[in-house]
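This report concerns only the one structure given below.
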């Protein structure tokens, strides 16, 4: 079983190396949701230049999820360019399906959000997504699958 996922955005393919040693439950859940097609067609609903691109909300407004909350798996991976981390509400154990990819250093989030992966190819396609909270014409996830 591979630890890489292919996130196909409408801007291009992004290869994410999963970190099952750092966040095993989050990696397993993201793989499960992705392979079920949960993420396909969802908008990137919150994209802040110099910070991050957030996605994974079925409602497209940051208020939805899959309905299965995950216990936080905070780890020692710093939030740097290309790092993939779980979005959550005020409760640390409220991560669900939403995640974000860092554009730049966001180390102020270290130890407060669960890092589960890192972009290893295609970060230029994340850089190309539409900005905004929400973007006027949001970029979308075409598909998200485990790499073969």
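Every number in this text was worked out from the coordinates using simple rules, so none of it is lab data. All values reported here derive from a predicted model rather than from experimental measurement. Every residue, glycine among them, receives a Cβ derived from its backbone with ideal geometry; neighbour counts consider all protein chains shown.
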Based on alpha-carbon atoms only, what is the radius of gyration of the range 69-148 relative to the globular estimate 2.2 N^0.38 Å? 1.14
Quick one: go through the range 100-122 and flag any residue whose amide nitrogen is under 19 Å from the point 7 Å out along the Cα-to-Cβ line of residue 59. 100
Length gained, residue 32-residue 136, 0.36 nm per residue minus C-alpha separation, equals 34.4 nm
For the chain, what is the mean residue ellipticity at 222 nm derived from helices alone (per DSSP H run of n ≥ 4: -39500 (n - 2.57); sum divided by total residues; nearest 500 deg cm²/dmol)? -3500 deg cm²/dmol
Å³ per residue of the Cα convex hull, for the chain? 95 Å³
Between residue 120 and residue 148, how many nm apart are label points set 7 Å from Cα along the C-beta direction? 1.9 nm
